[in-house]
Amino acid sequence: MQDIAEHIARRLRSLRRARGWSLDRTAAATGVSKAMLGQIERGESSPTVATLWKIASGFSVSFSSLFAPPGDGTATLPAGETRWGRDAVGMQARVLFPFDPLLGFEMFEIELAVGAQSASAPHAPGVVEHIVVLEGVLGLSLENERGGEERRLHPGEGLRFQADCHHRMRNLGEGRLRFHDVIHYLGGAGAQL
């Protein structure tokens, strides 16, 4: 079974080579340090979901393209390889539907450990997220023109938001938090796969 960190390392190298980018150029485009990018490519570091989002945004590719092989949106990793291991902040992601260029979306099941939180830098313009809580209590903060208030979402509740702002997701419950995250790339954002 292929290790997901190894797959991400190969995917990052492939994206860099396809564009002819050095690690310096990649660091400038993604906001991820050259040292961290090198560690990811060598399989020496397990990046957080936030770091992977920076990489995806910097390359103008969908988030799921870092996990799944490039293609027409119908390909998926084998069943045992769709779950990305828990990152340093306690987040785990599983690709349910990889990016579909015709529909412009991808879908994940996300899990946050008790007390965990994940902060995301702004995604590319045109990226919209749809969150639906399955289990637990989600605290979602959006830092946009309306301020940075935190919304609480319980099972069965959802929220759609423009993801081109800083946002933070926190597990506010006493058990694990699971939610679906549908990500739409409007106006061609993320279409370069």
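A few notes on this one:
- Candidates Glu143, Glu109, Glu174 - the one that is closer than 29 Å to Phe59 by Cα, touching a residue at least 60 places away in the same chain (Cβ under 8 Å) and out of contact with any Gly (no Cβ under 8 Å at 6 or more places or on another chain): Glu109
- All of (1) assigned to a helix (DSSP H, G or I); (2) at pLDDT below 80; (3) of a type outside the set (Gly, Ala, Ser) hold for Lys54 with one exception: (2).
- When residues in the stretch 12-42 are screened for being under 28 Å from Glu111 (Cα atoms) and either touching an Asp or Glu at 6+ places or on another chain (Cβ under 6 Å) or in contact (Cβ under 8 Å) with a residue 40 or more places away in the chain (or both), 4 of them pass.
- Condition broken by Pro155, with the remaining ones in (1) in contact (Cβ under 8 Å) with a residue 24 or more places away in the chain; (2) within 15 Å of Leu177 (Cα to Cα); (3) not hydrophobic (A, V, I, L, M, F, W, C) satisfied: (1)
- Residue count for the stretch 79-88 under the criterion of being exposed (fewer than 15 other Cβ atoms within 10 Å of the Cβ) and either under 13 Å from the mean Cα position of the chain (by Cα) or modelled with pLDDT of 55 or more (or both): the result is 2.
Results for (1) on the phi > 0 side of the Ramachandran plot; (2) modelled with pLDDT under 90; (3) not aromatic (Phe, Trp, Tyr), shown as yes or no for each residue.
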position	(1), (2), (3)
Leu77	no, yes, yes
Gln92	no, yes, yes
Pro98	no, yes, yes
Gly104	yes, no, yes
Phe108	no, no, no
Pro122	no, yes, yes
Pro125	no, yes, yes
Val132	no, no, yes
Val137	no, no, yes
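- Selected residue (criterion: modelled with the lowest pLDDT) from residues of the stretch 178-192 that are of a type in the set (A, V, I, L, M, F, W, C), buried (at least 19 other Cβ atoms within 10 Å of the Cβ) and out of contact with any Asp or Glu (no Cβ under 7 Å at 6 or more places or on another chain): Ala189
- Qualifying residue in the stretch 61-72 (condition: buried (at least 19 other Cβ atoms within 10 Å of the Cβ), over 13 Å from the mean Cα position of the chain (by Cα) and modelled with pLDDT under 65): no
- Top-ranked residue of the stretch 122-149 - restricted to ones that are small (Gly, Ala, Ser) and out of contact with any helix residue (DSSP H, G or I) (no Cβ under 6 Å at 6 or more places or on another chain), ranked as farthest from Ala163 (Cα to Cα): Gly136
The values are calculated or read from the model by the stated rules, or taken from the named source; none is laboratory data. Only a predicted model underlies this, so the values are computations on that prediction, with no experimental measurement involved. Counting neighbours? That spans all protein chains shown, and the Cβs are built from the backbone with ideal geometry, glycine included.
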